[in-house]
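A quick write-up on the structure given underneath.
The values are calculated or read from the model by the stated rules, or taken from the named source; none is laboratory data. No experiment lies behind these values; they were computed from the predicted model shown. Cβ sites come from the backbone with ideal geometry, for glycine too, and all protein chains shown count toward neighbours. With ligands, DNA and RNA removed, areas are computed over all heavy atoms of the protein, side chains included. Shrake-Rupley method; radii C 1.70, N 1.55, O 1.52, S 1.80 Å.
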Amino acid sequence: MYYDALKTFVTLVEVKNFTKTAEILLMSQPSVSLHIKKLEEEFQTKLFLRSPKFLKVTLTGEILYDRAKQMITIYEQTRQDIQEHDRSIKGELKIGASFTIGEYILPSLLIDLQEEYPELELQVVIGNTEEIVQAVRLYKVDIGLIEGQTNEKELSVHPFMQDELFIVSSNNHGLANKDDVEITDLHDQAWVTREVGSGTREYLNHVIRSNGLKIKSILTISSNQGIKETLIKNGSGLALLSRSVIERDVQNKILSIIQVKDESFNRTLSYVYSPIMKDKKNVKTFITELNKKWPMKAKPIG
């Protein structure tokens with residue numbers, strides 16, 4: 001059985017150090033070397049280029065890395081399924097979520113899951129859409145929730161919610177108190193937005209391109225909260241953010257919505273997983289609860 005060797009190989013690729021790999025896997029360094037040698041003999045290829053100063057994965061090593069992650073996941077999933085003799089939902093569920101979803105939408109579902117399935121150990125990783133897609137592809141998480149798009153053909157993508165976005169500003173911005181704001185009023189404005197790779201940034205770029213908007217400046221911040229704080233302190237900036245991100249701030253009159261005449265901004269939030277996760281009990285349970293909580297209906301902002 002090559003499970004231990006593959007586990008050693010994957011860990012070595014990720015930490016790029018024989019000593020650290022041995023420490024993580026609680027084995028000796030010669031054992032790490034032996035596992036790698038066994039795999040190189042099995043596949044008749046060099047998996048690493050080595051020198052005293054660096055350790056680099058070869059092209060064939062990169063191929064094996066992707067396949068090894070998949071094989072390890074299948075093995076561990078099978079072992080977990082066999083060990084579960086009853087129908088209770090328990091064990092680990094690793095969820096990846098993009099920032100808007102992970103910080104503002106997902107928490108209420110996590111609370112519901114904890115109450116309904118107390119033996120289910122939930123672990124949440126938050127990153128931008130691009131990072132979450134890669135985490136799903138490399139089996140670092142069991143399922144991902146994203147607000148952007150993905151062209152990863154290996155993954156299965158399904159919508160679960162319609163999300164409305166709004167242009168917001170500080171209360172003293174020039175457009176905040178203007179009636180009948182037109183799309184042309186958004187020319188030559190300063191924008192505060194998320195980083196490249198974020199679904200929110202991707203959508204703002206779409207709005208800018210499709211309307212031919214001229215931009216005065218763009219300030220990039222990889223945090224929704226950081227964007228809101230910047231708007232409050234800098235009265236000249238605009239941002240395009242999800243309803244869930246700004247709802248409380250608008251209700252508390254901390255930020256203002258700039259309603260553009262005859263324009264609305266909507267996107268689809270999706271869950272994404274590798275096909276081999278489709279029959280994993282915990283993943284199926286999560287998807288069922290997700291779709292029960294949010295039956296694809298957009299909610300108006302208060």
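Using C-alpha pairs below 8 Å separated by at least 6 residues, the relative contact order for the range 21-81 is 16 percent. Multiplying the residue separation of LYS46 and THR220 by 0.36 nm and subtracting their alpha-carbon distance yields 58.5 nm. Cα centroid separation, the range 157-173 to the range 218-241: 14 Å.
Sorting 53-60, 32-39, 6-13, 74-81 by their mean Cβ neighbour count within 10 Å, with the most densely packed peptide first, gives 6-13, 32-39, 74-81, 53-60. Hey, what did the range 85-159 get for relative contact order, percent, Cα under 8 Å, at least 6 apart? With pairs under 8 Å counted, the relative contact order is 40 percent. Axis angle, to the nearest 10 degrees, between helix 281-293 and the longest C-alpha principal axis of the chain: 10 degrees. Take the alpha-carbon centre of the range 262-276, take the same for the range 1-33, and report the distance between them in whole Å. Taking the Cα centre of the range 1-33 as reference, the centre of the range 262-276 is 38 Å away. Fully extending the segment from LYS90 to ASP179 would add 26.6 nm, taking 0.36 nm per residue of separation and subtracting the current Cα-Cα distance. Bridges between two residues of the chain, per DSSP, are antiparallel at a rate of about 55%. If you wrap the range 118-191 in the convex hull of its Cα atoms and look at it from every side, the mean projected area works out to 8.9 nm².
Enumerate the residues in the range 214-245 having an amide nitrogen under 15 Å from the point lying 7 Å beyond the Cα of ALA190 toward its Cβ. In the range 214-245, the label zone of ALA190 (backbone N under 15 Å from the point 7 Å along Cα→Cβ) covers 215-221, 227-239.
Pairs exceeding 30 Å between alpha-carbon atoms, taken from LYS153/LYS292; LYS7/LYS280; LYS7/LYS90; LYS94/LYS261; LYS20/LYS228; LYS90/LYS140: LYS94/LYS261; LYS20/LYS228. Dividing the summed -39500 (n - 2.57) terms of all DSSP H runs of n ≥ 4 by the residue count of the chain sets its mean residue ellipticity at 222 nm at -13000 deg cm²/dmol. Note on GLU115/LEU26: beta-carbon distance plugged into 1/(1 + (r/R0)^6) with R0 of 35 Å gives a FRET efficiency of 0.45.
Label-to-label distance, ARG248 versus ILE63, with points set 7 angstrom from Cα along the beta-carbon direction: 5.1 nm.
Note on SER33 and LYS292: their simple-model spin labels are 5.5 nm apart, each label 7 Å out from Cα toward Cβ.
The residues of the chain have, on average, 53 Å² of accessible surface per residue, using a 1.4 Å probe with all protein chains present.
Using the average count of surrounding beta-carbon atoms within 10 Å as a protection proxy, the listed peptides 209-217, 40-48 rank, highest first, as 40-48, 209-217.
Pairs of Cα atoms nearer than 8 Å and 6+ residues apart set the relative contact order; for the chain it is 20 percent.
For the chain, the mean projected area of the C-alpha convex hull, equal to one quarter of the hull surface, is 19.5 nm². Summarise the accessible area of the chain (1.4 Å probe, protein heavy atoms) by the percent that is carbon and sulfur. Whole-percent figure for carbon plus sulfur exposure: 49.
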